[in-house]
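What follows is calculated from the coordinates using simple rules that are stated; it is not laboratory data. Since the structure is predicted, the reported quantities are computational estimates derived from the model, not experimental observations. As a convention, Cβ positions derive from the backbone with ideal geometry for all residues, glycine included, and neighbour counts pool all protein chains shown.
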Amino acid sequence: MRTLLFGASGQLGWELQRALAPLGPVTALDRAACDVADAAALRHALRAQAADVIVNASALTAVDRAETERELALRINAQAPQLMAEEAAQRGAWLVHYSTDYVFDGRGERPWTEDDAPAPINAYGESKLAGEQAIQRLMQPAGGRYLILRTSWVYAARGGNFARTMLRLAAERERLSVVADQFGAPTGAELLADVSAHLLRAVHATPARRGGLYHVAAAGETSWFEYARWLLARASGMGWPLRAGADAVAPIATRDYPTPAPRPLNSRLDCRRVQADFDLYLPPWQQGVERMLAELSRPGA
Ligand SMILES: NC(=O)c1ccc[n+]([C@@H]2O[C@H](COP(=O)([O-])OP(=O)(O)OC[C@H]3O[C@@H](n4cnc5c(N)ncnc54)[C@H](OP(=O)(O)O)[C@@H]3O)[C@@H](O)[C@H]2O)c1
């Protein structure tokens, strides 16, 4: 299995380099090696490699920035996956792509299933949904050799994410205010990368097998507020020198923390389908966050 990976230096891309390594040679391209917003450069990279599997971990993930840079968000999050799908469909290659809970409007409290109708409420969600739709439109008639994995609240020891921001702020400040009415599951890039490798191995081993759209997140749910409290309590227990501990975190409402892009309140993803179809177990979210903390606690990390 020869794999071509885009977005190789992001949270997920970095972990995919590790998780995909035992499946075969991986050509890992970061933004410097291929700017996926540049259609000609992307086509050239796709044709130069002739891979059996294309994995797209590149994305414009800055949710607020996407509001003012809609055109760029569409080029990276929709046009690039479309070009990858065109190439994959033509060549019979597999395409693995990632999407987000932000394709939903966040109403209600029930975890979203793959059959629920998307209705994004911000430009990032719109661009990610357009990417999903382009892949499905092009690849379904060509044998369905795609996996679109929707996930939520991604973190990793390497990269920018909520957990690392909280740890930094808690070292600087006495008190923190964190949104308490948005719910979801923090999902480690490690877990998502490992699940991707398992899925790819399963579909690649059975030539007639089709892929599809799946929700993949760690098990359980929390709010950003509870997540921050849990994280700081654990970090304090591990001896992190924090000025603000768990008790110094105050809950606030989303409406009291205005951002350029509105956020969905309900980001819960129902992940039963991927577990049933691929005989997988998704561990509780705390497990991976604990590992990240341990990793960040290493001297020199
Ligand atoms: N982060 C989350 O909370 C979250 C939640 C739900 C779903 N997801 C989805 O999960 C996937 C992985 O996200 P992540 O957390 O790993 O994101 P990330 O850490 O922001 O990584 C995205 C990567 O894409 C690269 N990239 C951006 N624009 C590019 C371009 N024009 N050409 C080539 N590469 C480009 C970035 O490169 P630079 O480092 O050079 O910018 C970065 O390496 C994405 O599809 C995202 O939409 C993420």
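Which value results when the Cα radius of gyration for the stretch 9-141 is divided by 2.2 N^0.38 Å?
1.07
On alpha carbon coordinates alone, what is the Rg over Rh value for the stretch 121-197, Rh being the Kirkwood radius?
That ratio is 1.10, to two decimals.
Considering the alpha-carbon set of the chain alone, what are its Rg and its Dmax in angstrom?
19.0, 58
Across every pair of different alpha-carbon atoms, what Kirkwood hydrodynamic radius in Å does the stretch 142-301 reach?
Result for the stretch 142-301, one decimal place: 17.1 Å.
Which far-off residues, 5 or more places away or on another chain, put their amide H under 5 Å from the one on Val96, with H placed in the peptide plane?
Ile54, Val55, Asn56, Leu147
First check a/c for the stretch 1-71, with a ≥ b ≥ c the square roots of the eigenvalues of its C-alpha gyration tensor; if it is under 1.5, answer rounded, and if not, answer prolate when a/b is larger than b/c or oblate otherwise.
Verdict is oblate for the stretch 1-71.
Assuming R0 = 41 Å, what is the FRET efficiency of Ala119 and Asp247, from their Cβ-Cβ distance, to the nearest 0.05?
In this case the efficiency is close to 0.60.
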